[in-house]
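One structure below.
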Amino acid sequence: MSALLAADGDAAGDGAAVPVVTGPEVIQRYLKLLPAAPGVYRMLDAEGNVIYVGKARSLKARVSNYTRLGGHTNRIARMIATTASMEFVSVRTEAEALLLEANLIKRFRPRFNVLMRDDKSFPYILIARDTPAPQILKHRGARNRKGDYFGPFASAGAVSRTINMLERAFLLRSCSDSVYESRTRPCLLHQIKRCAAPCTGEISLDEYGHLVDEAVRFLRGESQNVRRMYQSLMEEAAACLEYERAARYRDRLSALAHVTADQSINPEGIEEADVFAAAQEGGQTCIEVFFFRTGQNWGNRAYFPKADRALSVEEVLDSFIAQFYDDKPVPRLILLSHDVPSRELLAEALCIKSERRTEIQVPQRGTKLGIVDHALANAREALGRKLAESSSQRRLLEGVAERFGLPEMPRRIEVYDNSHIQGTNAVGGMIVAGPDGFVKGQYRKFNIKSQTITPGDDYGMMREVLTRRFKRLVASENKEARKADAGLVENVEAAELAGMIAADNASAAAMDGETSESNASEDDVFPDRPDLVLIDGGAGQLAVAREVMSELGLNDIHLIGVAKGPDRDAGREHFHFPFRERPIMLEPRDPVLYFVQRLRDEAHRFAIGSHRTRRSMAIAASPLDEIEGIGPRRRRALMSHFGSAKAVSRAGVEDLKAVDGISAEMARRIYDHFHERRS
């Protein structure tokens, strides 16, 4: 793979500011340097942000399409008009270009690409084999631990349910190694017949190893063989009048039946497959993904990728699948509800990635079609729920505007709350909500840093949080304004070009009987500036917020203080407004009141969670960490030798020198650190 970066050559030698040029003229400059070979291109705006990533069989041919003045959709026209520079990477094959494109899209998240919004890692079941008695547990992330991995599962709940059933069936331990090594008698899980208790020798390690092997066979899809084995052993034990042993096998058979019954649909003939079904309505797309492993359904998850409203369901699904497998294992079979444009290329790329044969099918009949239809029905239901929730959320936001006298529906609401215990480990929390609900990627926590704030001073904490948040906003907006002024003339020409192309497309669409409604919100980017700020507190907290906003010149942002009612009674909240003497209350059953309570409770939850995390880190911190030169190895040696950090602080220089890895100089440094602190 070779990298190719073309410079546009407009930089002035004396460092003077040069107006930014955008549009087809910029793209034209790169053509003479581009090879007619596969590769990936990035389009960047005037600020250097990646706005689009694309792949091409021939970079020269693909990029030349962007220099034409007509025949583009509104989205492509805007993308061309915004482009100020481009970057290129040439690769050996188009399949490699597809894999690199997916990787770069997930890395840069360009505004004009289809974006996979939910990028959480999937949980797996791990049977860890780095101890004499293997442990069964839920696992996420890199597979660094020695053992057998089974998955992916669609959710942590599906993993937990399966582990519970496997504990009943095979009596595997799920406790941590530290708990396992410290047991002197069997725990409660052994008493309720969910663990064989190898920790205290209730079962030999050899016999426990057989149970582990049986569990692995079951998870690998040999469930019928394991069942037949237990059935035979149960009958054999009963024939020998060993009824207790027969009862144990009976219980395991019952647990195995629960495991397989809990998997919903388990189609015959499909051992390992992922099913993708896409539904599109109202400008939104839902992609439902089902996971089948070892012939069992291991759950499903719905995704709502961010995509241009004008893109077809096939185009969205095509781009989504490439991004989906960027960091996930690829199954042997992928079933689709729609035939995507680059199906063969995608299959080739996934074969390269997984180093084994992967088949992509769009079934037309039989069992596989039934599975896809089932996934498609789930996708339509999930999309319907999403649209209903979005509609309900917008009605609530419109209600907020009406009840609180806002000029228009707020697109971004920020809610602030503080959490501390008598002023220690103080944390401020900011949560964000919009037309699509909570926007958790925008949440922020603020560790209170000021040394001048009196412990427990809620007003001072709120002032620091709001000042830090909105100073950044003002600085960002000023920077954007300067850049906009610098490139005003050239961007006017680019905007005129985009408008001309958009007008041509609109007239052509009108001739075809189409409307521009589907593109109305294509460029609807979630704003950085809030329309409404809710402060958890009364008139005092609101006064602090008002002062901060006034100092920063942000008087157009609406502020409301939300104070709990008498006796902190939820439902009797008082809403305080600037320049209004008396607060107002909403009707007890008003949906807007419930909505605001939900926002406040979410801010409270987030602030408390952040505070607990900080407090836990403070508790876990050791005074040894403050000493220069004390790393993990020396800290462990000191703790092992003396037993506690307090004992280290009381030790003399000679005692410290006796510890492995502690030199005379280091011993003196440790001694001086603690004794200087006391003086």
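Assess whether L59 counts as being at pLDDT 90 or above, in contact with a strand residue (DSSP E or B) (Cβ under 7 Å, 6 or more places away or on another chain), open to solvent by less than 30 Å² (accessible area, probe 1.4 Å) and closer than 23 Å to A95 by Cβ.
yes
Just for the stretch 640-665: of the residues that are closer than 24 Å to N425 by Cβ and in a helix (DSSP H, G or I), which one is modelled with the highest pLDDT?
S649
The conditions are (1) under 27 Å from K55 (Cα atoms); (2) assigned to a strand (DSSP E or B); (3) hydrophobic (A, V, I, L, M, F, W, C), and I352 fails exactly one of them. Which is it?
(2)
Please verify whether D457 is acidic (D, E) and surrounded by 16 or more Cβ atoms within 10 Å (Cβ to Cβ), treating the condition exactly as stated.
yes
Can you name the number of the only condition in (1) open to solvent by less than 20 Å² (accessible area, probe 1.4 Å); (2) touching a Leu at 6+ places or on another chain (Cβ under 8 Å) that A426 fails?
With (1) open to solvent by less than 20 Å² (accessible area, probe 1.4 Å); (2) touching a Leu at 6+ places or on another chain (Cβ under 8 Å) applied to A426, the lone miss is (2).
Of the residues that sit in the stretch 127-140 and are under 22 Å from S182 (Cα atoms) and open to solvent by less than 50 Å² (accessible area, probe 1.4 Å), which one is modelled with the lowest pLDDT?
For the stretch 127-140, the residue satisfying everything is T131.
Is there a residue being part of a loop (DSSP other than H, G, I, E, B), open to solvent by 20 Å² or more (accessible area, probe 1.4 Å) and either touching a strand residue (DSSP E or B) at 6+ places or on another chain (Cβ under 8 Å) or not small (G, A, S) (or both) anywhere in the stretch 74-90?
No, every residue in the stretch 74-90 fails to be part of a loop (DSSP other than H, G, I, E, B), open to solvent by 20 Å² or more (accessible area, probe 1.4 Å) and either touching a strand residue (DSSP E or B) at 6+ places or on another chain (Cβ under 8 Å) or not small (G, A, S) (or both).
Here's the yes/no breakdown for (1) surrounded by fewer than 17 Cβ atoms within 10 Å (Cβ to Cβ); (2) of a type outside the set (S, T, N, Q); (3) outside any loop (DSSP other than H, G, I, E, B):
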position: F153; (1), (2), (3): no, yes, no
position: N164; (1), (2), (3): yes, no, yes
position: H190; (1), (2), (3): no, yes, yes
position: C195; (1), (2), (3): no, yes, no
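Taking V330, is it without any contact (Cβ under 8 Å) to a residue 40 or more places away in the chain, β-branched (V, I, T) and under 27 Å from V159 (Cβ atoms)?
In short, yes.
Being among the small types (G, A, S), modelled with pLDDT under 90 and assigned to a helix (DSSP H, G or I) is the requirement here; does G609 meet it?
Considered against the rule, which asks whether it is among the small types (G, A, S), modelled with pLDDT under 90 and assigned to a helix (DSSP H, G or I), G609 comes out as yes.
From the list M43, M1, exactly one residue is open to solvent by 30 Å² or more (accessible area, probe 1.4 Å) and either in contact with a helix residue (DSSP H, G or I) (Cβ under 7 Å, 6 or more places away or on another chain) or at pLDDT below 85 (or both). Which is it?
M1
Considering only the stretch 619-630, I want to know if a residue exists there that is at pLDDT 80 or above and surrounded by 13 or more Cβ atoms within 10 Å (Cβ to Cβ).
Among the residues of the stretch 619-630, at least one is at pLDDT 80 or above and surrounded by 13 or more Cβ atoms within 10 Å (Cβ to Cβ), which makes the answer yes.
Quick one: S232 ticks every box in (1) open to solvent by 70 Å² or more (accessible area, probe 1.4 Å); (2) over 34 Å from the mean Cα position of the chain (by Cα) bar one, so which box is it?
(1)
The values are calculated or read from the model by the stated rules, or taken from the named source; none is laboratory data. Predicted, not measured: the structure shown is a model, and the values here were computed from it. A quick note on method: Cβ atoms are made from the backbone with ideal geometry, for glycine too, and the neighbour counts reach across all protein chains shown. To get the accessible areas, we keep the full protein, side chains included, count just its heavy atoms, and leave off ligands, DNA and RNA. Shrake-Rupley method; radii C 1.70, N 1.55, O 1.52, S 1.80 Å.
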